[in-house]
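Everything on this sheet refers to the single structure shown next.
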Amino acid sequence: MKAIRAITSKQVYFLFPDDAELELGQNLTGPGLLVLDINSETHEIVDAPMPEFFAGGGVMIYDNEWSIFAQHAYDEAKAKADAEQQAAAIAANSARAKQALLDTDWCENASVRNTAVTPHLTNGEAFDAYRLQMRAIIVNKVASVEAWPDQPTGIWA
């Protein structure tokens, strides 16, 4: 990674990929980028490993290893990022579970389970259990699913 840091304090303000085309002169520039408050007199571009979590804006310091300059700001940024990550995971799991319900809606039709009609579904209970698990993921806003249940295969008689 390329870190943009203050020369004296070593506070890091931005991280960019290694292949980013950056120039540090009167301002920090690159394709589609112009940062006016950062220049070659006060800042430098250094190579740095990607930290486990990065809070920009001078909250962290890189001086051959990462450290935190402003703990409170770091904690706030980390909590916000964690909440956003959890919300994204919940949304993805909910979307997958909703799709699973849509994919098995057919098994809820009365005519499919009507034993007076041939063919009819004989393992409706397996579908009921599966659909109950999918609804629980949606309703309980589950962020992590250890193992997704397998969708049953219809058994017909």
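For the range 69-107, a tally of residues being aliphatic (A, V, I, L, M), over 16 Å from VAL139 (Cα atoms) and surrounded by 12 or more Cβ atoms within 10 Å (Cβ to Cβ) returns 4. Residues in the range 2-11 that are surrounded by 17 or more Cβ atoms within 10 Å (Cβ to Cβ) and not in a strand (DSSP E or B): LYS10 alone. Could you list, in sequence order, all residues of the range 108-157 that are over 22 Å from ARG96 (Cβ atoms), surrounded by fewer than 13 Cβ atoms within 10 Å (Cβ to Cβ) and assigned by TED's automatic domain parsing to the domain that holds ARG96? Within the range 108-157, ASN109, ALA110, SER111, ASN114, THR115, ALA116, VAL117, THR118, PRO119, GLU125 meet the criteria.
So that you can scan it fast, the table gives a plain yes or no per residue for (1) touching a Gly at 6+ places or on another chain (Cβ under 8 Å); (2) part of a helix (DSSP H, G or I); (3) touching a residue at least 24 places away in the same chain (Cβ under 8 Å):
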residue: TYR13; (1), (2), (3): yes, no, yes
residue: GLN26; (1), (2), (3): no, no, no
residue: SER40; (1), (2), (3): yes, no, no
residue: ILE45; (1), (2), (3): no, no, yes
residue: ASN93; (1), (2), (3): no, yes, yes
residue: SER111; (1), (2), (3): no, yes, no
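Within the option set ASP47, ASP37, being over 30 Å from TYR130 (Cβ atoms), at pLDDT below 95, exposed (fewer than 12 other Cβ atoms within 10 Å of the Cβ) and over 19 Å from the mean Cα position of the chain (by Cα) holds for one residue only, ASP37.
Assessment of the range 55-68 against the conditions (modelled with pLDDT of 95 or more, surrounded by 13 or more Cβ atoms within 10 Å (Cβ to Cβ) and part of a helix (DSSP H, G or I)) yields no matching residue.
The values are calculated or read from the model by the stated rules, or taken from the named source; none is laboratory data. Source: prediction; values computed, not measured. For neighbour counting, all protein chains shown are included, and Cβ atoms are generated from backbone atoms with ideal geometry for every residue, glycine included.
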